[in-house]
Amino acid sequence: MRPLHVLLLNEYFPPDTAATAKHAALVANALAERHRVTVLAGRPSYDPTERHGMYWLNREQQGNLGVERVGSTAFSRVRMKGRLANYLSYLALSVPHALSMQPDVVLSMTDPPMEGIVAAAVARFLGRPFVYNVRDLYPDMALAGGILPPGIWSDAWEESHRKALLQAARVVVLGEDMRERIVEKGVNPGRVAVIRDAVPFSNIPPAIDPSVVDEIRGGFRFVMVHAGNVGFYGAWATLVKATCMLEADGVGLVFVGEGAKKREIQELARNCANIRFLPFRPASEIPSVMAAGDLQVVTIKRGLEGVVVPSKVYDILAHCRPIAAVASEQTEIARLVRQHECGIVADPDDPNQLAESVRHMLQTMEVRERMSKQSRELARTYDRLKELQKFVELVEEAAGK
């Protein structure tokens, strides 16, 4: 196959630290090994490791990979108005620029949430095939998270998004539950592929900083850690109530991260002495954050099955930690934990069940050791290079349509 020109549309790209920015970089670099790739991103605004000054358009080129950044606003994402300004300015500036290009295939992710619809329109105007990498499913997520009320606007968004999904030559999703939800929207199952956010697995144990581990554990006998974004998708009330019940057992819950729901959760937990909140840690300390938790928490509230598939699951597995899946049995994470016995599963609406499951783990160290071993074995089956190779081949297939 001749080298392709792939146009990748996603607002966030390193030095942004969003999960989609990191994944976009992985995909772009994998594609650039065989093809020419242009990433059309915005000015860094998602807790970036470096800030950019004002510009109309900024170009960076390294080998086959070019990154073109439009001069969108770069307000903090903490306030919704600022985030919306970033979204809208990025779309307003990126679309005309995208229409001036001549790629062989258009690849889109889901930042901002309307990006898939916009990218489908760009691909249609250019007469090019469209590949859609669904990271979070909208408007389903906005509706279930209470961000958007049901009505004429959500109906119009859903219809436009369904058309984008139907237009896509290939749809890439993160898990089987997301695949099922998209197929229910009328998309041909043969066009929907599951490609997981695998992380590198090493037989060499990562370096652990004991001071970071001690800081996170805070003297608790048994620690549950929720590391990452504290957003709209979690069963936070259940998690807080269950932890309060476990105070006498010496169990603590530590949130390491930030997010839109943090203040609300802090209010829920104000009378629970065994719940603590810490800021994000740098990437170099991820192994220590993983090691600090006897259980690493992944939570998805009911109604969001297949709408969001937390990619941190693969980090947890790669660090051989047991998982507390506070999610319904229909979710990808609950299925994995049940099938491979690498943690516990609790109903997202039943704090008593979660508390009892944790108490069962406290009874014997052997249970925890077995779960850790199972996480390790499962992590071996997810190879990042193989998953990225699937992605490259899928884009190539789409371009040949």
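The values are calculated or read from the model by the stated rules, or taken from the named source; none is laboratory data. These figures come from a predicted structure and were not determined experimentally. Reconstructed Cβ throughout: ideal geometry from the backbone, glycine too, with neighbour counts over all protein chains shown.
Considering segment 368-385 alone, what residues qualify as being surrounded by 13 or more Cβ atoms within 10 Å (Cβ to Cβ), more than 10 Å from CYS342 (Cα to Cα) and not acidic (Asp, Glu)?
Listed by number, the residues that qualify are ALA379, TYR382, ARG384.
Run down LEU394, LEU378 and say which single residue is touching a residue at least 40 places away in the same chain (Cβ under 8 Å), touching a strand residue (DSSP E or B) at 6+ places or on another chain (Cβ under 7 Å) and in a helix (DSSP H, G or I).
Of LEU394, LEU378, the one residue that is touching a residue at least 40 places away in the same chain (Cβ under 8 Å), touching a strand residue (DSSP E or B) at 6+ places or on another chain (Cβ under 7 Å) and in a helix (DSSP H, G or I) is LEU394.
Free of Cβ contacts under 8 Å to residues at least 60 places away in the same chain, small (Gly, Ala, Ser) and surrounded by fewer than 21 Cβ atoms within 10 Å (Cβ to Cβ): which single residue out of GLY146, GLY151 fits that description?
Working: GLY146 fails: free of Cβ contacts under 8 Å to residues at least 60 places away in the same chain.
Answer to the check: GLY151.
So how many residues does segment 209-259 have that are part of a loop (DSSP other than H, G, I, E, B) and basic (Lys, Arg)?
Number of matching residues: 1.
Tell me the residue from LEU295, LEU246 that is touching a residue at least 60 places away in the same chain (Cβ under 8 Å), of a type in the set (A, V, I, L, M), out of contact with any strand residue (DSSP E or B) (no Cβ under 6 Å at 6 or more places or on another chain) and closer than 22 Å to ARG368 by Cα, please.
Going through LEU295, LEU246 in turn, just one is touching a residue at least 60 places away in the same chain (Cβ under 8 Å), of a type in the set (A, V, I, L, M), out of contact with any strand residue (DSSP E or B) (no Cβ under 6 Å at 6 or more places or on another chain) and closer than 22 Å to ARG368 by Cα: LEU246.
Could you list, in sequence order, all residues of segment 152-177 that are at pLDDT 95 or above and in contact with a Leu (Cβ under 8 Å, 6 or more places away or on another chain)?
ARG170, VAL171, VAL172
Any chance segment 121-129 includes a residue that's within 21 Å of the chain's Cα centre (by Cα), touching a residue at least 60 places away in the same chain (Cβ under 8 Å) and within 29 Å of ALA399 (Cα to Cα)?
no
Test each condition in (1) of a type outside the set (D, E, K, R); (2) touching a Leu at 6+ places or on another chain (Cβ under 7 Å); (3) part of a loop (DSSP other than H, G, I, E, B) for PRO14 and report the one that comes out false.
Condition (2) is where PRO14 drops out.
If VAL27 meets every condition in (1) over 19 Å from ARG135 (Cβ atoms); (2) among the β-branched types (Val, Ile, Thr); (3) surrounded by 20 or more Cβ atoms within 10 Å (Cβ to Cβ) apart from one, which number is that one?
In the conditions (1) over 19 Å from ARG135 (Cβ atoms); (2) among the β-branched types (Val, Ile, Thr); (3) surrounded by 20 or more Cβ atoms within 10 Å (Cβ to Cβ), VAL27 misses (1) alone.
Hey, LEU137 hits all of (1) at pLDDT 95 or above; (2) of a type outside the set (Lys, Arg); (3) crowded, with 19+ Cβ neighbours inside 10 Å but one; which does it fall short on?
Answer for LEU137: the failing condition is (1).
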